[in-house]
Amino acid sequence: MSAFKVVIPARYGSTRLPGKPLLRIAGRAMVVRVAEQARFAGADEVIVATDDRRVVEAVAAAGHDAVMTDPNHGSGTDRVWEVARQRADWGEDAVVINLQGDEPLIAPDVISQLATAVSEAGNTGMATLCEPIASHDDLLDPNVVKVVRDAVGAALYFSRSPIPRARDGYPVVTSGLWRRHIGIYGYRTWALRRFVSLPPSPLEDVERLEQLRALEHGLSIRVLDACRPSPGGVDTPADLERVRRLVLGAISPPS
């Protein structure tokens, strides 16, 4: 596998879960667990990019790298770019994975799969992952982002709404036609630079999905099926308790 970098944006402030990166999961901070998964994936550099000194200190105490970034960034991608543009040795063709700081259970082979996809993406320079939607409730849940791809696996659209919209209802949601976007992104450095240089787009603003900025400006995003199911990230107190139970073995992860 080609070398790749992982940057983990971890904003301390959260309306629903204040101090989210440092919330404890079986004795370790959430963001530390994310960094560990990136290391297990074989990344040659793993850097937590945060807006709070407490996160830097906790990550460093656990033996990982962390840097302070601008607290006024509008998105995690902007935070990733701040790190990438300061690493002149990475070069324009470096593979950079944007791994969210609230994904403590993401499988290492999913991370490495995405790194390989970016390496093979050619002129696209951007890739992400998806998986089949498992239930009607997930299809209708606006917190579950849906994606539609073209015949060669490039993203056509991302939405919080159920897409494609079935005229006659959704009798077989689990058919594989409906897919959930997994919020991990991979870029060549040049593609990341180009993306963050674009102005926010109307579709991005209305859906609150920054990846729509790329599509609206004509950039292509390769979307692959993840090599294994994702247990999901931590956005709510209920998510946190679910992940804690998974780590403690109280319930089984997706197979």
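The values are calculated or read from the model by the stated rules, or taken from the named source; none is laboratory data. Everything numeric here is computed off the predicted structure, so don't read it as measured data. We place every Cβ from the backbone using ideal geometry, glycine too, and count neighbours over all the protein chains shown.
If the condition is being touching a Pro at 6+ places or on another chain (Cβ under 8 Å) and among the β-branched types (Val, Ile, Thr), then segment 164-212 contributes only Thr174. The listed residues are Glu57, Glu92, and the only one of them that is at pLDDT below 95 and either closer than 24 Å to Arg188 by Cβ or in a helix (DSSP H, G or I) (or both) turns out to be Glu92. Does Asp102 meet the test of being under 22 Å from Lys5 (Cβ atoms), touching a helix residue (DSSP H, G or I) at 6+ places or on another chain (Cβ under 7 Å) and either crowded, with 16+ Cβ neighbours inside 10 Å or touching a residue at least 24 places away in the same chain (Cβ under 8 Å) (or both)? Taking the combined requirement at face value, the residue satisfies it. Being surrounded by fewer than 21 Cβ atoms within 10 Å (Cβ to Cβ) and either of a type in the set (Ser, Thr, Tyr) or in contact (Cβ under 8 Å) with a residue 24 or more places away in the chain (or both) holds for only one residue in Asp89, Asp93, and it is Asp93.
Residue-level check: of (1) in contact with a Ser or Thr (Cβ under 8 Å, 6 or more places away or on another chain); (2) loosely packed, with under 15 Cβ neighbours inside 10 Å; (3) in contact (Cβ under 8 Å) with a residue 40 or more places away in the chain, Cys227 misses just (1). Please verify whether Pro132 is within 16 Å of the chain's Cα centre (by Cα), surrounded by fewer than 19 Cβ atoms within 10 Å (Cβ to Cβ) and on the phi < 0 side of the Ramachandran plot, treating the condition exactly as stated. No: the conditions fail for Pro132. Of the residues making up segment 106-121, one or more are buried (at least 17 other Cβ atoms within 10 Å of the Cβ), under 13 Å from the mean Cα position of the chain (by Cα) and assigned to a loop (DSSP other than H, G, I, E, B). Put simply, of Ala151, Ala226, Ala238, Ala166 the only residue that is within 19 Å of the chain's Cα centre (by Cα) and of a type in the set (A, V, I, L, M, F, W, C) is Ala226.
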